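Novice: The structure is given below, and queries will be raised subsequently.
The values are calculated or read from the model by the stated rules, or taken from the named source; none is laboratory data. Bear in mind that the values here come from a model prediction, so they are computed numbers and not experimental data. Quick reminder, even Gly has a Cβ in these numbers, built from the backbone with ideal geometry, and neighbours come from all protein chains shown.
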Amino acid sequence: MTIRGFVSPIEKEYTIVSPKTKMHKLADIFADNPEHAVLVFDSKRDKFHGILYLYTFLKHYASNPKNIHMHNVKKYANTNIVSINWNKTVPEAMAEIKKLQPQGVLLHNDENEFVGFLANNLLLNHVGLDGGSEE
């Protein structure tokens with residue numbers, strides 16, 4: 001089975017924002033879609049900058065509630081991301097993920113076009129991808 005076949009429709013749900021988007025704008029995004037990932041994309045450089053999940057958003061707000069709303073998402077996005085081909089087999093993809101230890105995994109097709117992301121909960125516990133083994 002490939003990663004493409006494993007990713008459910010829920011795990012394809014995301015919102016793309018500019019690195020200049022203010023953090024307070026994410027509150028609306030997460031209020032409407034708490035399961036979404038917020039992908040930070042720099043269109044000038046045609047490059048993904050990072051990823052934010054609700055957990056990360058709340059953690060940053062809890063640690064700096066006074067001024068965080070004034071900052072851009074670029075400051076808080078997790079930049080430890082990789083992109084893997086969604087046609088890789090599950091064992092191939094998991095080997096790459098375990099080797100690189102990213103906090104976010106973007107998916108691309110054979111033409112190197114963005115097609116989605118791997119949900120954070122799958123990265124945290126690897127359950128379902130490799131039978132739940134923990135190394």
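Novice: Report the residue count in segment 82-107 for those that are small (Gly, Ala, Ser) and assigned to a helix (DSSP H, G or I). Give the derivation first.
Specialist: Applying the first criterion (small (Gly, Ala, Ser)) to segment 82-107 yields 83, 93, 95, 104.
So of that shortlist, the ones also assigned to a helix (DSSP H, G or I) come out as 93, 95.
Number of matching residues: 2.
Novice: State which residue pairs qualify: first residue within 13 Å of Val17 (Cα to Cα) and inside segment 29-44, second residue in a loop (DSSP other than H, G, I, E, B) in any location, beta carbons under 6 Å apart, and separation of 6 or more residues or different chains.
Specialist: His36/Glu13; Ala37/Tyr53; Val40/Pro19; Val40/Ala77; Asp42/Pro19
Novice: Filter segment 30-41 down to the residues that are among the hydrophobic types (A, V, I, L, M, F, W, C) and touching a helix residue (DSSP H, G or I) at 6+ places or on another chain (Cβ under 9 Å) and list them by number.
Specialist: Phe30, Ala37, Val38, Val40, listed by residue number.
Novice: I've got another one for you. So, restricting to helices (runs of 4 or more DSSP H) that lie completely within segment 1-81, which ones have at least 1 residues that are among the acidic types (Asp, Glu) and either modelled with pLDDT under 80 or within 21 Å of Gly116 (Cα to Cα) (or both)?
Specialist: 23-32
Novice: Right, next: Within segment 41-53, does at least one residue satisfy the condition of being farther than 21 Å from Val82 by Cβ, under 18 Å from the mean Cα position of the chain (by Cα) and surrounded by 14 or more Cβ atoms within 10 Å (Cβ to Cβ)?
Specialist: No, segment 41-53 contains no residue that is farther than 21 Å from Val82 by Cβ, under 18 Å from the mean Cα position of the chain (by Cα) and surrounded by 14 or more Cβ atoms within 10 Å (Cβ to Cβ).
Novice: Considering only segment 106-135, state which residues are at pLDDT 80 or above, among the aliphatic types (A, V, I, L, M) and touching a helix residue (DSSP H, G or I) at 6+ places or on another chain (Cβ under 6 Å).
Specialist: Those that are at pLDDT 80 or above, among the aliphatic types (A, V, I, L, M) and touching a helix residue (DSSP H, G or I) at 6+ places or on another chain (Cβ under 6 Å): none in segment 106-135.
Novice: Something else: Any idea which of Lys75, Lys44 is over 21 Å from His24 (Cβ atoms), basic (Lys, Arg) and out of contact with any Gly (no Cβ under 6 Å at 6 or more places or on another chain)?
Specialist: Details: Lys75 fails: over 21 Å from His24 (Cβ atoms).
Answer to the selection: Lys44.
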